[in-house]
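Report on one structure; see the data block that follows.
The values are calculated or read from the model by the stated rules, or taken from the named source; none is laboratory data. What you see is a predicted model; the values in this text were computed from it and never measured. Cβ: placed from backbone, ideal geometry, glycine included. Neighbour counts: every protein chain shown. Accessible surface is based on the protein model in full, side chains and every heavy atom, while ligands, DNA and RNA are left aside. Shrake-Rupley method; radii C 1.70, N 1.55, O 1.52, S 1.80 Å.
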Amino acid sequence: MMKHAPQTRPTLVLGGTGKIGRRVVERLAARGRPVRVGSRSGEPSFDWDDRRTWDAVLEGVGSAYVSHYWDAIPGAADTLGSFAHLAVESGVPRLVLLSGRGEEEAERAERAVRDSGAELTVLRSTWFAQNFSEDYWREQVRAGEVALPAADTPEPFVDADDVADVAVAALTDDRHIGELYELTGPRLLTFAEAVREISRAVGREVRYLPVSMEDFAAAAPGQGLPGEVVEMLTFIFGEVLDGRNARLAYGVRRALGRVPRDFGDYARDAAASGVWNPRATRAA
Ligand SMILES: NC(=O)c1ccc[n+]([C@@H]2O[C@H](COP(=O)([O-])OP(=O)(O)OC[C@H]3O[C@@H](n4cnc5c(N)ncnc54)[C@H](OP(=O)(O)O)[C@@H]3O)[C@@H](O)[C@H]2O)c1
């Protein structure tokens, strides 16, 4: 018989207001599962950088979706390892960890979390398609030009809905314990090709402009990106865009028994939602 994680105790969803976390929260709630959002704006408030906030979010929960705000930064692995040890000691051994594909520190974090003895499922994900519509590059798409230091390395962008579906499957079915799912979309696309698909979907010109790391870092604050995000993006562009991730993986199919969502379908739906409509300029 299929084993399921206990349903009465809440599932803690760290990063539960973020791109993947909020989808995980919605899906668990739709299944009638009690959920506790773990983030600085959650109740109780949880801060990765303040260990005094960790005990309270773990109290009484049955399992946890673990997502650091930036697992590629040096030091994140130690933080994640410490949290996982505390979770196991607190009686919360069932953990589902979101990790980054091809990132040294993220893989160190996977090992640190595994060393806690947790009943672990690892979701090792590539770039989310939703970075173009819900985060870093949304304003650039709206403005009609996406300028990134991404050269022409192809990436298999994955849909955040697929990542969340795998996370929820793992949180609700113990058959996923011990699995490492490498999550990609079904197609390799350069950033230029991805932006072309977005342009087609919105029905107006959105250009892709390859720029140097220095030019990107100089222009990014003007596009509304905070300093720490610029720092982290330049770090990650520098680390992973050397072709190491330019291959498909089959974690979505292995976990869910279906193919991942195509970038073209993502772009069509995001365009239809109006998220890329240029901002209305107010008449003087
Ligand atoms: N974006 C990608 O393409 C991608 C791909 C693969 C892996 N990843 C990894 O996935 C993880 C999540 O990335 P994301 O882009 O999905 O994040 P995101 O959408 O920016 O969400 C970040 C979440 O973390 C919370 N948060 C921020 N600072 C925090 C702090 N100090 N303490 C506690 N919570 C904090 C935020 O909520 P509050 O503001 O309420 O605290 C929010 O819920 C990262 O580790 C990233 O490396 C990202």
remark   = region 155-177 scanned against label point 7 Å out from L256 along Cα→C-beta; backbone N under 17 Å for 156-173, 176
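Count the net charge of all other residues whose Cβ sits under 14 Å from the Cβ of V122, scoring Lys and Arg as +1 and Asp and Glu as -1. Don't skip to the answer; put the middle values down first.
Details: positive: R94, R101, R108, R111, R114, R124, R254; negative: D71, E103, E107, E110, D115, E119, E179, E182.
Summing Lys/Arg as +1 and Asp/Glu as -1 gives -1.
About the Cα centre, and with charges only on the beta carbon of Lys, Arg (+1) and Asp, Glu (-1), how big is the dipole of region 120-159? Nearest 20 debye, please.
Values: 3 positive and 7 negative charges, 21 e Å.
That gives region 120-159 a dipole magnitude of about 100 debye.
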note = Projected onto the charge dipole of the chain (unit charges on the beta-carbon of Lys, Arg, Asp and Glu, signs +1, +1, -1, -1), the Cα from Q130, A270, V57 with the largest positive-side position is that of A270
query = Taking all protein chains as present, what is the carbon and sulfur share of the accessible area of region 13-149, in % to the nearest whole number, probe 1.4 Å?
reply = 45 percent
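When Lys and Arg each count +1 and Asp and Glu each count -1, what net charge do the other residues less than 11 Å away from P10, Cβ to Cβ, add up to?
Numbers: positive: R9, R33, R36; negative: E59.
Net local charge, P10 excluded: +2.
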message = Less than 20 Å from a label point 7 Å out along the Cα-to-Cβ axis of D174: which backbone N atoms in region 8-47 qualify, by residue?
response = 8-12, 33-34
task = Taking all protein chains together and a probe of 1.4 Å, list I177, I20 from the most accessible to the least accessible.
result = I177, I20
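Going by the alpha-carbon gyration tensor, a ≥ b ≥ c the square roots of its eigenvalues, is region 172-278 rounded (a/c under 1.5) or, if a/c is not under 1.5, prolate (a/b greater than b/c) versus oblate? Each step should come with its number before you reach the end.
On the way: a/c = 2.03, a/b = 1.37, b/c = 1.48.
It comes out oblate by the Cα gyration axes.
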